[in-house]
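Working notes, beginning with the structure itself.
The values are calculated or read from the model by the stated rules, or taken from the named source; none is laboratory data. Keep in mind that this is a model prediction, so the values were computed, not measured. Ideal geometry is used to build each Cβ from the backbone, glycine not excepted, and the neighbour counts take in all protein chains shown.
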Amino acid sequence: MYYIDPHIHMISRVTDDYQRMAQCGCVAISEPAFWAGFDRGSAEGFRDYFRHLTEVEPKRAAQFGIRHYAWLCINAKEAENVALSREVIALIPEYLDKPNVLGIGEIGLNKNTRNEATIFQEHVDLAMKTNELILIHTPHLEDKYKGTRMIIDMLKEDKRVDPQRVLIDHVEEHTVRQALDNGFWCGMTLYPTTKCTPERAVDIIEMVGTERIMANSAGDWGKSNPLAVPEMIQEMKRRGHPEAAIRKIVYENPLAFFRQSNRWQDWPAETGEERKESQSRRKEKVTQ
Ligand SMILES: [Zn+2]
């Protein structure tokens, strides 16, 4: 089955991971900007990072037929430094016309501090002024419920924000409804043992259904599995979920969300049903 991994940090992965993902059916990924495993010393460090996300990583992915897309921001962890964050936000527009950029992300909260909230709102303001999609990081563990509430409140306060153009990530059992009920898209981040496992993700799908929800592997500096989405596909198959429901979660939903960005490109060689559909469209054109 073809799938899209909508949130994976390939900068922290080896090239073999691309190969294994392609072998499992991965056709596209999106890589949000995040923490580098250490706090960067200056805004110039981010300039190099944005070049990595928009120039280096797409070439590495292309070797395996995987489309690579990226999101730009200063992550919540480093956003505690307001002065540095403002310098980074000021340089983002230079990179917004790179062909693989889908929007602003992953922005959000880490420890739910006032500084993080200020920088979150300034990122949202940039996204609104530049008409970009938004990808949101919600805090982990005990900070998650309160942080998700704070994020949703800030988004609702800004009347320019259309929830259909925002993806709230790392949702779990106790936050998924907050995101969905307010009209946002949401992502479940699959980890091997801690946080949301593939089994728990399938429990969540059984609880809330298949609308506006997707799953990703995160694949970051911590212990993580770049093949977590295929693992979840297996778990859904094992429980007898129909092929169409699985495909909706791992392929059609991310596609529908990303297509709202005018830099998303549908692949020339479509897959499966889409190929059949476009062949019949082409035939119609020929016979017209
Ligand atoms: Zn992330």
Of all residues in region 198-223, how many are closer than 16 Å to PRO254 by Cβ and out of contact with any Phe, Trp or Tyr (no Cβ under 6 Å at 6 or more places or on another chain)? 11
I need every pair where a residue in region 146-171 that is farther than 22 Å from LYS195 by Cα has its Cβ under 9 Å from the Cβ of a residue that is within 16 Å of the ligand (Cβ to nearest atom) and among the hydroxyl-bearing types (Ser, Thr, Tyr), sequence separation at least 6 or different chains. none
What is the residue count in region 124-151 for residues that are more than 16 Å from the ligand (Cβ to nearest atom) and out of contact with any Ser or Thr (no Cβ under 9 Å at 6 or more places or on another chain)? 11
Evaluate the following for ASP158: is it surrounded by fewer than 14 Cβ atoms within 10 Å (Cβ to Cβ), more than 16 Å from the chain's Cα centre (by Cα) and either within 23 Å of THR113 (Cβ to Cβ) or modelled with pLDDT under 95 (or both)? yes
Within region 20-55, of all residues that are within 30 Å of ASP266 (Cα to Cα), touching a residue at least 40 places away in the same chain (Cβ under 8 Å) and of a type in the set (S, T, N, Q), the one surrounded by the most Cβ atoms within 10 Å (Cβ to Cβ) is SER30
SER42 vs. criteria of a type in the set (Gly, Ala, Ser) and within 16 Å of the ligand (Cβ to nearest atom): no
